Amino acid sequence: METNFDVIIIGGGAAGMMAGIFASEKKRVLIIDHNEKLGKKLYITGKGKCNLTNNSEVETHLNNIVTNSKFMYSALNNFTAQDTINFFETNGLKTRTERGNRVFPASDKSSDVIKCLVNCLNKNGVKVTLNTEIKSVTKQGDVFHILCMSGVEYTCNSLIVATGGLSYAGTGASDFGFQLAKQFGHKIVKPVSALCPIVVNDDVSALNGVSLRNVTLYTKIGGKSYSQFGDLLFTYNSLTGPTALTMSSLINKLNIKNQTISIDFKPALSQEKLEEKFKREFVTFAKKDYKNYLYTLLPAKMADYFYNSVGIKNKKLADLTKADRNILITHLKKFDFSIKSLDNINVGIVTSGGVDVKDIDSHTCMSKLVKNLYFVGEVLDVDALTGGFNLQIAWSTGVLAGKSAANLT
Ligand SMILES: Cc1cc2nc3c(=O)[nH]c(=O)nc-3n(C[C@H](O)[C@H](O)[C@H](O)COP(=O)(O)OP(=O)(O)OC[C@H]3O[C@@H](n4cnc5c(N)ncnc54)[C@H](O)[C@@H]3O)c2cc1C
């Protein structure tokens, strides 16, 4: 059995497979993964469709990276979104671009993305060992020794760590990469949930499943304002959906406990416009119950919750006073919840935090502390918003390290 390789990659997810494909242009490569198959997380991306990149300029990618976007400058310029699309198209995967420049496989099947990558690995003769737990990694002289639980020891000159973040443990996520980095003297920025639901102190169980369209979610923390326009969903204990997920990534390093987060249900209408509308309609529909009128403003369950939270009860529209009208407007423009926490890291779509990029060369993804040791993908302290930006981070850093390990840069 072959145990000596030029390059070994620990982790066969998006970043690891891409690193393997590029390193194997010139070198003998082994990928080690403890899962029973490659790309298990890729399989569930984009709700099974895999939003594999965002068809936009490097600048747009940098703007959508929440943590350490500057670090990504070289990697994204070296392997752009267009390069990603070309790579997959050249290797037989047709793609299509949707709303928001999101790129998907034309088949809408993430499994086709994995198949394409695995075909490339096979074509280049990359060896893969699955169901393989690693016991220890050491460096003796210039050689890395990777001892597996099975007793097999692999050796290599370059080691690429592509073990991902902590979210979705069922896909094989582990803190192995963080521990390995620490062992070699790297600092780990505390991992926190990103792109995850925001759990609130309020009892929102009655709102479970409610979906709001075109609202603004906003908060002010530490003197800075954050605001997101779009769709919002409720679970039994949290705010989720696109606006909340994005918000979670923007505020996850702040002291958010018990801070107020608010919904503007009518962002297109100013207070004055709402005032005019209500003055007019309260006369036209004077006999209508205020509660029934709320159903014309909000989805039914949200209207009931709003009715119970805002102290106006058992009135016809004609009976509403100016003060009532003001209360109604104020709450439509600013309906408050109290933040308890972000949801568990396992539930986040990505992990923010990880290997501190200060000790990683952004031109190669090689450790500045240990020669020929590389870190790529989500194991790094880099995370982005939704739209295909996170996978582009995995592809671009994977390519960079793969090329560098193969001395192709
Ligand atoms: C539900 C969901 C949907 C998503 N959708 C999208 C999307 O549509 N577009 C997008 O851009 N991003 C999306 N993401 C984010 C994206 O999947 C990740 O950012 C990306 O997979 C990170 O790639 P990676 O290679 O760094 O890590 P991973 O893909 O997580 O791969 C890490 C690999 O390392 C292996 N590993 C871990 N520990 C060990 C160990 N001790 N020994 C051996 N192997 C190990 C794992 O088994 C795994 O195969 C989504 C994430 C989730 C959870």
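The values are calculated or read from the model by the stated rules, or taken from the named source; none is laboratory data. Since the structure is predicted, the reported quantities are computational estimates derived from the model, not experimental observations. Glycine also receives a Cβ, built like all others from the backbone with ideal geometry; neighbour counts cover every protein chain displayed.
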The correct count of residues that are away from the ligand (no atom under 13 Å from the Cβ) and exposed (fewer than 14 other Cβ atoms within 10 Å of the Cβ) in region 92-131 is 8
Within region 36-57, of all residues that are part of a helix (DSSP H, G or I) and surrounded by fewer than 18 Cβ atoms within 10 Å (Cβ to Cβ), the one nearest to the ligand (Cβ to nearest atom) is ILE44
Of the candidates SER211, SER262, SER248, the one satisfying the condition of being under 23 Å from THR351 (Cβ atoms) and touching a residue at least 60 places away in the same chain (Cβ under 8 Å) is SER248
In region 26-35, anything more than 13 Å from the ligand (Cβ to nearest atom) and touching a Gly at 6+ places or on another chain (Cβ under 8 Å) is listed as ARG28, VAL29
Of ASN344, ASN407, the only residue that is more than 23 Å from TYR73 (Cβ to Cβ), part of a loop (DSSP other than H, G, I, E, B), more than 12 Å from the ligand (Cβ to nearest atom) and at pLDDT below 95 is ASN344
Out of (1) within 14 Å of LYS115 (Cα to Cα); (2) more than 7 Å from the ligand (Cβ to nearest atom); (3) touching a Lys or Arg at 6+ places or on another chain (Cβ under 8 Å), the one ILE21 does not meet is (3)
Determine, yes or no, whether TYR218 is within 26 Å of ALA300 (Cβ to Cβ), more than 16 Å from the ligand (Cβ to nearest atom) and hydroxyl-bearing (Ser, Thr, Tyr).
yes
Reported set for region 282-298 where residues are assigned to a helix (DSSP H, G or I) and among the basic types (Lys, Arg) is LYS291
In region 320-364, residues that are surrounded by 13 or more Cβ atoms within 10 Å (Cβ to Cβ), under 30 Å from ARG280 (Cβ atoms) and not hydroxyl-bearing (Ser, Thr, Tyr) total 13
All-but-one check, PHE79 against (1) more than 12 Å from the ligand (Cβ to nearest atom); (2) under 17 Å from the mean Cα position of the chain (by Cα), failing number (2)
For region 254-261, check the following and say yes or no: at least one residue is touching a helix residue (DSSP H, G or I) at 6+ places or on another chain (Cβ under 6 Å) and surrounded by 15 or more Cβ atoms within 10 Å (Cβ to Cβ). no
Flagged pairs (Cβ under 6 angstrom, 6 or more apart or on separate chains; first in region 345-366, touching a residue at least 40 places away in the same chain (Cβ under 8 Å); second surrounded by fewer than 16 Cβ atoms within 10 Å (Cβ to Cβ) and not in a strand (DSSP E or B)) are ASN346/ALA169; ASP356/LYS187; ASP359/LYS368; ASP359/LEU369
Note to self: Considering only region 367-379, I want to know if a residue exists there that is in a strand (DSSP E or B), within 16 Å of the ligand (Cβ to nearest atom), farther than 30 Å from LYS266 by Cβ and of a type in the set (Phe, Trp, Tyr).
What the structure shows: yes
Restricted to region 299-331 and to residues being assigned to a helix (DSSP H, G or I) and charged (D, E, K, R), the residue farthest from the chain's Cα centre (by Cα) is ASP319
Those residues of region 61-73 which are crowded, with 16+ Cβ neighbours inside 10 Å, polar (S, T, N, Q) and out of contact with any Leu (no Cβ under 7 Å at 6 or more places or on another chain) amount to THR67, ASN68
Among (1) under 14 Å from SER158 (Cα atoms); (2) out of contact with any Gly (no Cβ under 8 Å at 6 or more places or on another chain); (3) small (Gly, Ala, Ser); (4) buried (at least 24 other Cβ atoms within 10 Å of the Cβ), ALA406 falls short only on (4)
